[in-house]
Structures are given as structure tokens and as C-alpha cells.
1. Going through Tyr489, Tyr499 one at a time, which residue ends up being surrounded by 15 or more Cβ atoms within 10 Å (Cβ to Cβ) and not in a helix (DSSP H, G or I)?
2. Working only within region 1-58, note down all residues that are surrounded by 12 or more Cβ atoms within 10 Å (Cβ to Cβ) and of a type in the set (Asp, Glu).
3. For region 199-218, does any single residue satisfy the condition of being open to solvent by 50 Å² or more (accessible area, probe 1.4 Å), assigned to a helix (DSSP H, G or I) and in contact with an Asp or Glu (Cβ under 8 Å, 6 or more places away or on another chain)?
4. Determine the pairs where a residue that is free of Cβ contacts under 8 Å to residues at least 24 places away in the same chain and under 11 Å from Gly408 (Cβ atoms), located within region 365-389, has a partner that is open to solvent by less than 50 Å² (accessible area, probe 1.4 Å) and aromatic (Phe, Trp, Tyr) with Cβ atoms under 9 Å apart, the partner being 6 or more residues away or on another chain.
5. Output the residues belonging to region 402-418 that are in a helix (DSSP H, G or I) and either hydrophobic (A, V, I, L, M, F, W, C) or open to solvent by less than 30 Å² (accessible area, probe 1.4 Å) (or both).
6. Pull out all pairs, ordered by first then second residue, where Cβ-Cβ is under 7 Å, the residues are six or more apart or on different chains, the first lies in region 169-183 and is open to solvent by 60 Å² or more (accessible area, probe 1.4 Å), and the second is part of a loop (DSSP other than H, G, I, E, B).
7. Condition first: in a helix (DSSP H, G or I) and of a type in the set (Lys, Arg). Now tell me which residues in region 168-198 satisfy that.
8. Can you find even one residue in region 501-512 that is over 23 Å from Gln423 (Cα atoms), polar (S, T, N, Q) and modelled with pLDDT under 90?
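The values are calculated or read from the model by the stated rules, or taken from the named source; none is laboratory data. The structure presented is a predicted model; accordingly, all values stated were derived computationally and were not measured. All Cβ positions, glycine included, derive from the backbone under ideal geometry; neighbour counts span all protein chains shown. Accessible surface is based on the protein model in full, side chains and every heavy atom, while ligands, DNA and RNA are left aside. Shrake-Rupley method; radii C 1.70, N 1.55, O 1.52, S 1.80 Å.
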Amino acid sequence: SWLDLGLGYRLKSLPQVDLGQYHTLAELLGRHVYNTDQLVLEVIKGGQVVGSVRLLVRMLPIDWLRRARASKNLDEKISYTQKALQLTPDDQLLAERLADLLIEARRYGEAAELLEQLAQGREDPRWLVRLAELYERLGQNQKAAAALSKLAALNPEDAAMWERLAGLYEQEQRWEEAASVLTKLSNLNYGQDKAKVLLRLSTAQEKAGQGSAALATLEQAVALSARDAKLWQKLAAARKKTGDQAGVLQALSQASAVSPGDLRLHLELAEGFLAAGNQRRAAQELEKASALAPKETSHLLSLAKIYTELDDRNALARVYTRLIKLQPEDADLNYNLGVLLFEEGKDKQSLKYLLAAAKARPQDQEVRQLLFQVLVRLKMWKQAVGLAVKMLAAKPNDLQLVEMVFDGLSSERPQDTAKLLDQVLAQKPKQVKIYQMRAALALMDDDQEAAIKALKGAVRVKPEDLEIVFQLAGLLEAGGRPGQALGYYEKILDQNPDYPGAEERYMALRTQQIKDKANEPPPAPEPTPEPAPAPGKSKK
């Protein structure tokens, strides 16, 4: 019709092409045919362009798919596949291919949008599975859960689907939904697998505020997997929340039986038995813990405390021996073991540990005093006396110390004891008993002068103690010093005229004094002095 009107035509971009001949777009455009959306056909009359017509370029789907397959660029593959799908929007296989390409390019959002359009109004499991995967990758867990819920409803026996759905609910902390799904999943499993699901279900129930149900579920899990120590531990923790202390210990004991090499379990059991007041069982668990960690002193120290409270001296001694092997220079450990052995009468063994304690703490009076007692028991007199000298030099006014030295040495080493007491008395102590001990020791040695000296010191310290004054007066009287004795009797009577025996002794001494004076011979007459010579005369 254009020709009838005298019109001509040509392609604007390719004016040299003779359109009177047959041509294809692929022939005319070559590879650019895939990038060309339209061509402009110009209308000519008398050599002038009088108008134009747009020719839209439309390829067949197979053309775009071939182009996509030939391309090495992923974005180009996607672009060409999208154009093919636009021409055949109902082609599900082509849509899946495009979705795969988008996923490969990690363009998950576009892939999900494409699949949502395809799945709209359909319950096709293929689309739901792909959508669920995409939602999970996108972190859109709620949408993923919705898709998986539809899938699970379509195939309620698919354990893997319930597992994925439960995982999503757990991730989202939607515990009631998680508990519901895990309940269904548990019914699809058996044995160990079911126990694992029940453990998760128990956790979900607990977090959903279903405490009683959680405990019951956990009991079921343990029954199915009694060799799983972790399950027993979780059961113990659950029972603890309900205040079932006996149940806690039973569960922990089962866990320990299953896993005897678990140090933490033995320690937890020991703590539980202690809380329940069962120290003996606590000690047994600590012994096991100590065997697993023989170089850990804290377990042994805890054992020592328990055995001390149980008064199990043999066990306590064994614990101290093990501790000393780990810490041979520890003064406290050596001293404590020395005390135990001393109290058991094992003096030679006690000496070994007390010497170690004294070496570590040479100025410790407590250690020194026990060491002294052991030396006395072993009749190691030289060492005992040497140690006593040091102890009394450090604490001369310690009455208990002086008494201990006196009791230990006086019967076997009276002379050494006397020297030690003299060493103490040189410091002028304020304790009367020290002077009395020295006096007693002197009397045992028939040294009356030393006894009198000691008692005089006692009287100086405590003149109001009339018993001591009376003893001193008696010693003076027996020693032939009636005058001094009378003086002390007078002091007694001045303070207490009724003091037993004082007046009697005083009167006896005074009477004797009078008698002795009466029996004394009269004194010789004094010679008469010669008269002085007269002045001027000398006496021949």
C-alpha cells in the first residue's frame, strides 16, 4: 500500500540494506540482535522522510536460552533467562532455572520474590522447600517457619522437616511453638535419637514456663539414654530447682558411675553430700577427685577439713602425708601431722615432721613446745634442754612454758632444770609459782640456801600470800635462823593473827630465845682503869 502511494522505506540504522530482499534480524544485527529492543523504519517520499514506524524486536525463548547457555558471565545468564521467562511466564522449569541462577549469584531476595510469585495460590512442596531455604539464608526465620509449617502439614511423617522447623523456633526463642513441634518430632524418633529430641523438648518446656512437664520429659530422656552422663547432670540440675536434694544426689551419682573420670562430677557430688550432712560420702568423692588430680592441693585440704570434723585421725594423717609430699616445706602441714602422730604416741614419726616445721618457722613457740615434749618422751635430754634454753630466753614470763619445762625435765635432769629456772628468775618474773618450783627443786637436792633464796623472791613478788611467808619462815627456822624466822612470823600475825600455826611457832621461837638468853653466862667484868701518873713523874 505504501508503494501504491509512491512511498519508500528504509531502516534508519541500516539505510544501505535493500528491504526489497528477504532478511532476518539475526542476519542484519548479528550478535547485537540480543541487545536491540526495536528498529526504526523510516518512510520516504520524493527522497524526503515523511514519517517512521517502530519495529519491536522479539526473540523466541529458545534464542535467549541459547544465548544464556553460551554466556560465561553469571549476570548475563540471569538477564537472558529472565527474558526467556518473560516470553513463557508459565514455564516452571524455566522459573526454577532462573531461581537457581539467582541463588548462585547470591541474589536471594530476587530468587525468593520469583518463587513467591510462582508459589502463590499453590501448595507445591517443591516451591515451599526452595522458599524455606531462601528465607533461612535471608534470615527471615518467620517466613521460613511458615513455609516449613505448610510442608510439615503436607507430609507429617517427614522428621527432617519437623527438625528444621523446631530449629527455627528455637532460634527465634518461640518456646511454646518449639515445644509443640519437638513433641511431634519425638514421636518420630527412637532410642538415642529420641532421647536427644526429648532433651531439647525439656529445655523448650522449661523456657516456656512448663516446669513440671520439662522435668517429666527429662526423666523420659534419661530412661532412654541411661549411659549419657550429661543427661543425668541435666536431670540433677532440674531436680535441684524443685528442691529435691536426694534426687539431685541420685542423679549425680548415676552420672559419676557412667563417667568415673569426670573430676567435676566428683567435686559436685562432694559438695552435695556436704550440704546434705553426709560427710563420709563427701570424703569418698573427694578421694576420687584427688586420685584424678593428685597434684591439686585444694581437694586434699578439703578432705583434711572433713576428716578433722569426723575425728578420723588415721585418714587425716594420710591426707597430711600426701600434702607434705606436694609441699614439703609447709610449716603448718608438718606441724599438724606432727601433732596427730604425737597424740597417737608415734613419737619418732612425730619428731620428723616437727623438726621440719621448726626449720620452716624457727621462732614459732607452738612448734617449739610440742617438739620439746616429743624430745622429752624420746629421752633426748641434750636436745630437750637446748630447746628449753631458747624457749625460756624468748618468753621468760610464760608460766605455762616454765611449768612444761619443769614437768618435762625436773625428774630426769634436776640440775639442768635448776639452771633453767635460775635463768628465768634472773628476769625477776611476777609469777610466784616459778619461785616455788625453784624452791621445791632445791629442797629435792637438799640445797636449803637455794630454797630460801627462791622463797624470798616469791615473798617479794606476793607479800600478801601468807602461805609462802609461812613456808619461808619454816625454812629459816629449820636452817638455824630463828631471828629471821621470827620476823616473818610477826609479819604473818600482823596480817592475820589467826593464821594456823603462826602464833604457835612464834611463841615457841620467842620462848626459846628467852631460854637461850637466860642460859647465857654473865659477861666478864670490865678491867679497872689505872690512875693517870702525876705531872712530872714517869711511870716505870
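1. Numbers: Tyr489 fails: not in a helix (DSSP H, G or I).
After applying the criteria, what remains is Tyr499.
2. Glu42 - this is the single residue of region 1-58 that is surrounded by 12 or more Cβ atoms within 10 Å (Cβ to Cβ) and of a type in the set (Asp, Glu).
3. Looking through region 199-218, at least one residue is open to solvent by 50 Å² or more (accessible area, probe 1.4 Å), assigned to a helix (DSSP H, G or I) and in contact with an Asp or Glu (Cβ under 8 Å, 6 or more places away or on another chain).
4. Close Cβ pairs (under 9 Å, with a partner that is open to solvent by less than 50 Å² (accessible area, probe 1.4 Å) and aromatic (Phe, Trp, Tyr)) amount to Leu387/Phe372.
5. The answer is Val402, Met404, Val405, Phe406, Gly408, Leu409, Thr417, Ala418.
6. Close Cβ pairs satisfying both conditions: Glu176/Ala208.
7. Residues of region 168-198 that are in a helix (DSSP H, G or I), as a first pass: 168-171, 175-186, 191-198.
Lys184, Lys194, Lys196 - these are the residues of region 168-198 that are in a helix (DSSP H, G or I) and of a type in the set (Lys, Arg).
8. The initial filter retains those residues of region 501-512 that are over 23 Å from Gln423 (Cα atoms), namely 501-512.
Subset that is polar (S, T, N, Q): 511-512.
Still in the list and also modelled with pLDDT under 90: 511-512.
Within region 501-512 (the criterion being over 23 Å from Gln423 (Cα atoms), polar (S, T, N, Q) and modelled with pLDDT under 90), the answer is yes, since at least one residue qualifies.
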